[in-house]
Amino acid sequence: MPAYKRILLKLSGEALMGDDAFGINRATIVRMVEEIAEVTRLGVQVAVVIGGGNIFRGVAGGSVGMDRATADYMGMLATVMNSLALADTMDKAGLIARVMSAIAIEQVVEPYVRPKALQYLEEGKVVIFAAGTGNPFFTTDTAAALRGAEIGAEIVLKATKVDGVYSADPKKDPHATRYATITFDEVIGRNLEVMDATAFALCRDQKLPIKVFSIFKSGALKRVVLGEDEGTLVHV
């Protein structure tokens, strides 16, 4: 029995690269979609926010000397490309996906309209929110927190390369331990990285819990949705 009826899944663009240096690794995106399909088969309503770092990152080397707002808009367009790839892969896997963009590109994707997004979720479609918040200076983490709050998601699932929040960097400290649960205040007090500050504050203010888990661990998403001890739950 799923622990949640409606979830917001935050995927990083880098997660789509697999072992490649950039772009979208076909085998990786297919495997991710299989994990999402397993969750939808449980009757869980799934919305997705995906980053664009595998194509363009506004604060990275390619944007040095570039106007920050311009770089961020380019990053938003990269998330649209990733969203289209994700939706196409979902369609081939038998899922019905709808991409909704925060910036208007109506020949390619439909604009984000909250009532329409809620309707799609109720119909069992996977909704992919593209183009972040539609504003520069805000990350896709913040878009995930914002859309999660808007659609009434019960939890934001942040898929990362590590299987939770640790007391220290597990790659550098062999004694680092994974927290099963931790409060928002404890995360701040211990100066742990979960999401960027704006996204984190939004989740805390809206009492929207965050689960940090590894998307590269087979079956992890399903275990999270079933309420099993997977990843780290950040709660009020």
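The values are calculated or read from the model by the stated rules, or taken from the named source; none is laboratory data. Please read these numbers as outputs of a predicted model, since none were measured by experiment. Cβ: placed from backbone, ideal geometry, glycine included. Neighbour counts: every protein chain shown.
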When residues of the stretch 170-189 are limited to those that are without any contact (Cβ under 8 Å) to a residue 40 or more places away in the chain, assigned to a loop (DSSP other than H, G, I, E, B) and not hydrophobic (A, V, I, L, M, F, W, C), the one surrounded by the most Cβ atoms within 10 Å (Cβ to Cβ)
P170
If we keep just the residues of the stretch 28-45 that are part of a helix (DSSP H, G or I) and of a type in the set (S, T, N, Q), which is surrounded by the fewest Cβ atoms within 10 Å (Cβ to Cβ)?
T28
For I24, all conditions in the list (1) hydrophobic (A, V, I, L, M, F, W, C); (2) surrounded by fewer than 22 Cβ atoms within 10 Å (Cβ to Cβ); (3) part of a helix (DSSP H, G or I); (4) touching a helix residue (DSSP H, G or I) at 6+ places or on another chain (Cβ under 6 Å) hold save one; what is the number of the exception?
(3)
For A199: the one exception among (1) touching an Asp or Glu at 6+ places or on another chain (Cβ under 7 Å); (2) surrounded by 22 or more Cβ atoms within 10 Å (Cβ to Cβ); (3) without any contact (Cβ under 8 Å) to a residue 60 or more places away in the chain
(3)
Looking at (1) at pLDDT below 95; (2) closer than 29 Å to M74 by Cβ, can you tell me which one V33 breaks?
(1)
Quick one: in the stretch 148-194, which of the residues that are modelled with pLDDT under 95, among the hydrophobic types (A, V, I, L, M, F, W, C) and within 22 Å of the chain's Cα centre (by Cα) is farthest from F137 (Cα to Cα)?
V162
Given (1) touching a strand residue (DSSP E or B) at 6+ places or on another chain (Cβ under 7 Å); (2) farther than 23 Å from C203 by Cα, index of the condition T79 fails
(2)
